[in-house]
Amino acid sequence: MRTAWHFPAMGSAVAAAAVAGTLTFTVEEAPAHAAVCAGYVGLTFDDGPSNDHTPALLDALRQNGLRATMFNEGQYAAAYPAQVRAEVNAGMWVGNHSYTHPHLTQLSQSQIDSEISRTQQAVAGAGGGIAQLFRPPYGETNATVQGVAAKYGLTQVIWDVDSQDWNGASTDAIVQASARLTNGQIILMHEWPPNTLAAIPRIAQTLANKGLCAGRISPQTGRAVAP
Ligand SMILES: [Zn+2]
């Protein structure tokens, strides 16, 4: 039983229950947990995997306590299967980013099907599991693309915040983009820009300052949730 000085700050029902001796543990644990993660955001890194960039990115993410969704191209998952396994082993989630990174909305349905299905096979064959999330290259989509994605059980994920790392954004600008994230939102980044790698420690600090944690992207809602 905790001492009575806790009670004035509580709601009357909680205080009454605490007096009855039933809620002491809950009252003590809930605030501390809430202070750790007030919400979750989805960090995403597109266009891998590769031998050149994936190892350093995974090291940086792990060292800073971050988990992310890696939207892999099928052609690279097939070429660098060990890096797909490294992503999974580092606690990351692997999504489908098409096989060759085309403008999908300019392709026929059968070509779109090939891009998505071959990537599912490449990721699974590499040990990345059955991808549940799909990001169309350039964020370009239409009803045909979405229909094919749905056929493979994939949830389409675009983004709320574009870091502009693909467009030469500075490390400062990438960090500032991450500061715009709110609970449930998703940020677009890539595995290849050096400025993105350099931004990782400061992104971690920025999120921590806001009480936000890096989460997984729910296939049910397409929003960031607790891992
Ligand atoms: Zn891409």
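The values are calculated or read from the model by the stated rules, or taken from the named source; none is laboratory data. Bear in mind the structure is a predicted one, so any value in this text is a computation, not a measurement. For neighbour counting, all protein chains shown are included, and Cβ atoms are generated from backbone atoms with ideal geometry for every residue, glycine included. With ligands, DNA and RNA removed, areas are computed over all heavy atoms of the protein, side chains included. Shrake-Rupley method; radii C 1.70, N 1.55, O 1.52, S 1.80 Å.
What the table below lists for this structure:
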read-out	value
Residue count for region 126-144, restricted to those that are within 12 Å of the ligand (Cβ to nearest atom), out of contact with any Phe, Trp or Tyr (no Cβ under 6 Å at 6 or more places or on another chain), open to solvent by less than 20 Å² (accessible area, probe 1.4 Å) and assigned to a loop (DSSP other than H, G, I, E, B)	1
Trp159, sole failed condition from (1) part of a strand (DSSP E or B); (2) touching a residue at least 60 places away in the same chain (Cβ under 8 Å)	(1)
Within region 208-227, considering residues that are assigned to a strand (DSSP E or B) and within 10 Å of the chain's Cα centre (by Cα), the one nearest to Val157 (Cα to Cα)	Ile217
Residue within region 174-181 that is open to solvent by 10 Å² or more (accessible area, probe 1.4 Å), small (Gly, Ala, Ser) and either assigned to a strand (DSSP E or B) or at pLDDT below 95 (or both) present	no
Residue that is surrounded by the fewest Cβ atoms within 10 Å (Cβ to Cβ) [pool: residues in region 103-120 that are farther than 19 Å from Pro49 by Cβ and within 15 Å of the ligand (Cβ to nearest atom)]	His103
Near pairs, Cβ below 7 angstrom, 6+ apart or cross-chain, from region 78-101 (under 20 Å from Ala149 (Cβ atoms)) to any residue that is among the basic types (Lys, Arg) and in a helix (DSSP H, G or I)	Tyr99/Arg118
Selected residue (only one of Val123, Val161, Val225 is closer than 18 Å to Ser98 by Cβ and either open to solvent by 40 Å² or more (accessible area, probe 1.4 Å) or at pLDDT 95 or above (or both))	Val123
Region 74-96 - residue that is over 14 Å from the mean Cα position of the chain (by Cα) and open to solvent by less than 10 Å² (accessible area, probe 1.4 Å) and, of those, farthest from the ligand (Cβ to nearest atom)	Val84
Subset of region 182-207 (residues that are without any contact (Cβ under 8 Å) to a residue 12 or more places away in the chain and either assigned to a strand (DSSP E or B) or within 16 Å of the ligand (Cβ to nearest atom) (or both))	none
Members of region 42-52 that are closer than 25 Å to Gln156 by Cβ and either more than 15 Å from the chain's Cα centre (by Cα) or more than 13 Å from the ligand (Cβ to nearest atom) (or both)	Gly42, Leu43, Pro49, Ser50
